[in-house]
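Worksheet: one structure, shown below.
The values are calculated or read from the model by the stated rules, or taken from the named source; none is laboratory data. Note that the structure is predicted; figures quoted are calculated from it, not measured. Here the Cβ is made from the backbone with ideal geometry for all residues, glycine too, and neighbour counts use every protein chain on show. Surface accessibility is based on the protein's heavy atoms, side chains included, excluding ligands, DNA and RNA. Shrake-Rupley method; radii C 1.70, N 1.55, O 1.52, S 1.80 Å.
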Amino acid sequence: MDEAAAEDDKARKEKELEDLRRKSGLRPIPAKELDRTLQLTPWDVLHTLGQAIALSRRGAGRGLAEHWGSLKYSQALAGGIDSFMTLSAEGRGTADHYKAIQSGELGTGFALTLARQLLSRRYPKHSVSIVPADTALRAGWALTSRDPGHRSGYRYRPQFFAEIWKPGEPSRVIPIACKGNHSNAAASHVQLASASVHVEAVHIGAWDETPALVFSTELPTEGALTVHALQARGTGGQLNGQVTPPRHK
């Protein structure tokens, strides 16, 4: 990922584009917190995806449609108790113009499913909720030209927040960026480098102390599905602290 980020920075410099700020301290997640292989069903993933995107559109009817829209992937995944999960024949046969949407949405489903497992282990007896970042950020900042309020002036932001909470305690919030591809590990390294920019956009509490999770799901047309995951630890993220809007250096 570091090599992919360096290549991107070099290309941006040659094009005289502004430098991107990336999340520092991203490291692999220890195996004691998240096993190298996990047993999941396609329904686990689709349920998480549906819950995560239900709030991303305005209006209850649209939200319900987004929730059940995840079911279009119910035939896209295959696997058994003794095999790794892969794309089914139907999943591999998706039209080329639709593949980017498929990899992006399934990548979101797998990433958030693993994020919930990780955070539930890390914070036992706490509830873990996934909220679309745009839905939360619109409470304080204008994200588009049509939104009222203060403009951050920064176009990068995480896709989701995980809120870890327990009655009587302040909530902890962790930015999450997740992507997916139908290619290989090299493509995932590029996606992780890009995701490091998105999670860096929001700081909660002390500057540069907000934990973060970044994911890239590799869904090759041949071979097993793989989720590449990195984390940054930190003492921030508590909602009784200060939320800092995205900004330039």
All alpha-carbon distances of segment 139-236, grouped into 5 Å bins from 0, give the whole-percent distribution 3, 12, 18, 18, 17, 14, 10, 5, 2, 0
Assign unit charges at the C-beta atoms only (+1 for Lys and Arg, -1 for Asp and Glu), then state the dipole size of the chain relative to its Cα centre in Debye, rounded to the nearest 20. 760
Kindly report the accessible area of the chain per residue (heavy atoms of protein chains, probe 1.4 Å, no ligands, DNA or RNA), in Å². 53
Dipole-positive endmost among Leu225, Ala193, Tyr156 within segment 152-231 (Cβ charges, Cα centre): Tyr156
Quick one: what Rg and Dmax do you get for segment 131-174 from the alpha carbons, in Å? 12.6, 38
With every protein chain in place, what's the accessible area of Val214 (1.4 Å probe, Å², nearest 10)? 0
For the chain, compute Rh as the Kirkwood radius over C-alpha pairs and then the Stokes-Einstein diffusion coefficient at 37 °C and 0.692 mPa s; write the answer in µm²/s, rounded to an integer. 174
List the extent of the Cα atoms of segment 107-166 along each of their three principal axes, largest first, rounded to whole Å. 40, 27, 14
Mean shadow area of segment 22-92, taken as a quarter of the surface of its Cα convex hull (nm²): 7.5
Among all the lysines, which ones have a C-alpha under 20 Å from Lys179's C-alpha, if same-chain residues fewer than 8 places away are not counted? Lys23, Lys72, Lys99
First compute the accessible area of the chain with a 1.4 Å probe, then give the percent of it belonging to carbon and sulfur atoms. 52
Rg [Å, one decimal], Dmax [Å, integer] - segment 58-170, C-alpha atoms: 17.8, 53
Value of relative contact order over segment 1-135, rounded to a whole percent, pairs C-alpha under 8 Å and six or more apart: 25
Cut-off under 16 Å on the C-alpha distance; same-chain residues fewer than 8 positions from Lys10 excluded. Which aspartates and glutamates are left, in chain and number order? Asp2, Glu18, Asp19
Cα centroid separation - segment 177-235 against segment 22-88, whole Å: 14
